[in-house]
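Down below is the structure, laid out as structure tokens.
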Amino acid sequence: MKLTKIEKSWAFYDWANSAYTLAVTTTIFPLYFKAAVEKTGVAQATSTAYWGFANSISTLFVALLAPFLGTIADYYGYKKNFFGFFTWMGVVLTAILAFVPESQWLLMLVIYMISAVGFSGSNIFYDAFLVDVTTKERMDYVSTMGYALGYIGSTIPFIFCMALIITAYMGLIPISFFVASKIGFIITAIWWGYFTLPMMKNVHQIHGIEREPHPIANSIKRLAKTFSNIKAQKPLFIFLLSYFFYIDGVDTIIKMATAYGSDLGIDANSLLVILLVTQFVAFPFAIIYGKLSDKYRGKTMLYVAIIAYTLICIYAYFLKTTLDFWILAILVGTQQGGIQALSRSYFAKLIPKDNANEFFGFYNIFGKFAAIMGPALMSIVTLMTGSTNAGVLSIAVLFVIGGVLLTQVKENKAAESDLQS
């Protein structure tokens with residue numbers, strides 16, 4: 001199968017914003033932040049906890065906004081506007097990171113949190129556009145191709161950033177690690193903004209509801225009605241609870257991976273190379289998950305990924321060497337794209353298209369509230385035990401709970417038909 005022009009334009013937003021995930025959320029900024037904080041004498045485990053709490057706070061803000069914004073965006077013409085607002089907010093704030101002195105690490109953290117709100121907020125509407133760009137039968141394929149493109153697209157600017165940082169670190173060019181990182185933030189912002197343009201030009205809202213007077217008041221009423229409907233529709237509600245737990249584990253591992261590796265004593269250059277290789281591993285496995293979902297169904301492949309992540313958390317507890325971290329990172333790479341893409345498409349198949357933003361608002365609130373719990377759980381366990389390994393192990397609980405709940409979701413066409421009626 002090949003992507004149509006509209007499907008490709010939609011998928012290219014993954015290509016665009018995944019640069020932020022890799023450079024800012026996962027690698028360069030965590031290293032930059034920890035180096036800046038530790039210059040003040042703060043312990044490594046404590047700076048990791050600050051990083052975790054910052055991610056939790058920014059995620060909480062998006063989680064509170066998601067259902068309300070999603071409900072308003074179901075009116076024709078609003079979805080693209082909300083998408084553009086959050087996207088450009090994230091792009092601009094990412095660039096501003098380059099102009100904050102490293103000594104002002106608290107201001108730096110606040111600006112990062114706002115940029116993270118832009119990134120996460122744009123994804124609410126990007127995910128909801130899936131019902132506008134393709135058919136139900138192609139959703140698994142299109143969704144996984146989006147993630148696959150994201151893994152490759154994110155590595156291209158990241159390679160330039162990494163080369164700059166490594167050569168600066170080795171003293172081969174006359175700039176510091178901090179200056180090289182700041183240039184990396186600007187490169188990331190430019191990449192994100194430029195490759196968002198196809199989405200802005202070619203993708204339009206097809207499904208929605210007609211505009212009406214008092215849209216805010218009516219949106220609140222529809223939001224309350226949708227929440228009641230979700231609770232009444234047991235399979236959908238249980239899936240969202242399952243997603244709440246297992247996607248929390250996924251997001252936590254992504255956000256905390258670099259800080260964890262740093263606490264193990266792995267140098268910045270090694271971490272950058274390891275996480276770059278992880279992206280290349282994730283690309284084919286995201287596609288593989290999409291193809292296997294056609295043969296074994298998306299839900300079966302979600303079980304596979306949940307079990308794999310549980311074993312990964314257990315393995316992480318025993319990590320000691322750089323080789324151990326290499327193995328861990330590659331294992332994560334084989335799973336992360338598949339579980340995220342199939343969760344998105346599985347949910348999209350269950351919901352009514354005209355209210356996609358509204359339902360994806362709840363999808364995101366479950367995901368975002370979950371992402372508050374994971375980093376906070378890891379941070380608390382790390383502070384209590386003094387061991388980052390123990391903090392990572394605690395995340396396994398989230399995958400176990402999510403997997404158990406997923407077994408309670410009915411898997412038959414009649415159930416899905418009921419959900420959409």
Output yes when any residue across the range 121-142 is closer than 27 Å to Gly338 by Cβ, surrounded by fewer than 20 Cβ atoms within 10 Å (Cβ to Cβ) and free of Cβ contacts under 8 Å to residues at least 40 places away in the same chain, and no when none is. yes
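Matching residues to (1) modelled with pLDDT under 85; (2) surrounded by 24 or more Cβ atoms within 10 Å (Cβ to Cβ); (3) under 22 Å from the mean Cα position of the chain (by Cα); (4) among the aliphatic types (A, V, I, L, M):
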{"position": "Ala356", "(1), (2), (3), (4)": "yes, yes, yes, yes"}
{"position": "Met373", "(1), (2), (3), (4)": "yes, no, yes, yes"}
{"position": "Leu377", "(1), (2), (3), (4)": "yes, no, yes, yes"}
{"position": "Asn389", "(1), (2), (3), (4)": "yes, no, no, no"}
{"position": "Val400", "(1), (2), (3), (4)": "no, no, yes, yes"}
{"position": "Leu405", "(1), (2), (3), (4)": "no, no, yes, yes"}
{"position": "Lys410", "(1), (2), (3), (4)": "yes, no, no, no"}
{"position": "Glu416", "(1), (2), (3), (4)": "yes, no, no, no"}
{"position": "Gln420", "(1), (2), (3), (4)": "yes, no, no, no"}
Which of the residues belonging to the range 291-318 are surrounded by fewer than 18 Cβ atoms within 10 Å (Cβ to Cβ) and aromatic (Phe, Trp, Tyr)? Tyr296, Tyr303, Tyr315, Tyr317, Phe318
May I ask you to list pairs of residues, at least six apart or on different chains, whose Cβ atoms are under 6 Å apart, with the first in the range 206-224 being within 21 Å of Asp127 (Cα to Cα) and the second being in a loop (DSSP other than H, G, I, E, B) and at pLDDT 70 or above? Gly208/Asp74; Gly208/Tyr76; Ile209/Asp74
Residues of the range 305-328 being in a helix (DSSP H, G or I) and of a type in the set (Phe, Trp, Tyr), in sequence order, are Tyr309, Tyr315, Tyr317, Phe325, Trp326
Please go through the range 261-290 and pick out each residue that is within 14 Å of Thr321 (Cα to Cα) and crowded, with 24+ Cβ neighbours inside 10 Å. Gly261, Leu271
Restricted to the range 42-82 and to residues being open to solvent by 50 Å² or more (accessible area, probe 1.4 Å) and assigned to a loop (DSSP other than H, G, I, E, B), the residue farthest from Asn123 (Cα to Cα) is Ala43
Inspect all residues belonging to the range 313-320 and state whether any of them is farther than 28 Å from Leu406 by Cα, in contact (Cβ under 8 Å) with a residue 24 or more places away in the chain and of a type outside the set (Phe, Trp, Tyr). yes
Filtered residue count, the range 137-191, keeping only those that are under 17 Å from Asp127 (Cα atoms) and hydrophobic (A, V, I, L, M, F, W, C): 5
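The values are calculated or read from the model by the stated rules, or taken from the named source; none is laboratory data. Not measured: the values here are computed from a predicted model. For neighbour counting, all protein chains shown are included, and Cβ atoms are generated from backbone atoms with ideal geometry for every residue, glycine included. Side chains included, ligands, DNA and RNA excluded: accessible areas come from the protein's heavy atoms. Shrake-Rupley method; radii C 1.70, N 1.55, O 1.52, S 1.80 Å.
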